[in-house]
Amino acid sequence: MSGLVDALLIVVVVVVVIARQFRASRIDTDRRWWLLPTVLAVVSLREPGLVDGHHRTASITLLTAELLTGLAIGAGWAWTSRIWTEPDGAVWSRSTKASGAVWAVGIAVRVGLFALGAAIGVHHDSSALLLALAATLLVRSGVLVQRARSLRPAAAPAPAYGEPLVRSTDKERL
């Protein structure tokens, strides 16, 4: 695929991921939360253009900055997400406005890194962005799962006023 198609595909994926996070979603602590980020990382590492051969040091520096940005976005996104438990023990999460701010700052930093790379002549491939996205999703999922495991299930709802605490199935004899 061409660079423009890759860039558009990445933008669409990011927009879908961000939009879905502002709806409540269940956190499953038993599933393999690390699998999708791992697959994304493997796919990005298999691409030949991850590091620019003509500007090796600058390219590796920019890639490191991109990965650190991805890790920071993932951690910030996870810690600004609201999580709660339902009475049945299910854990749910939803991103907040602060999560949106984390994403906005992260995207601005990434655009700045891309502009810096372009200014110094470093060829920036989409595989670096894909690897950083994998890091973001891995950290976010890991932190959310850890937070979810530390929560206790919500208490059963309190009885309404005048309702007995324990209901007896036996009828009272008069």
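The values are calculated or read from the model by the stated rules, or taken from the named source; none is laboratory data. What you are looking at is a predicted structure, and each value in this text was computed from that prediction instead of being measured. Note: ideal-geometry Cβ built from the backbone for every residue, glycine included; neighbour counts use all protein chains shown. When the accessible area is computed, the model is the full protein with side chains, heavy atoms only, and any ligands, DNA or RNA have been set aside. Shrake-Rupley method; radii C 1.70, N 1.55, O 1.52, S 1.80 Å.
Brief remarks follow.
- Counted residues, the range 127-174 - those being open to solvent by 100 Å² or more (accessible area, probe 1.4 Å) and at pLDDT 85 or above: 2
- Residues that are exposed (fewer than 14 other Cβ atoms within 10 Å of the Cβ) and either touching a His at 6+ places or on another chain (Cβ under 6 Å) or more than 12 Å from Ala148 (Cα to Cα) (or both) within the range 76-97 comprise Pro87, Asp88, Lys97, listed in sequence order.
- Within the range 97-141, the set of residues being outside any helix (DSSP H, G or I) and of a type in the set (Val, Ile, Thr) comprises Ile120, Val122.
- Subset of the range 46-64 [open to solvent by 30 Å² or more (accessible area, probe 1.4 Å) and closer than 28 Å to Ser99 by Cβ]: Thr64
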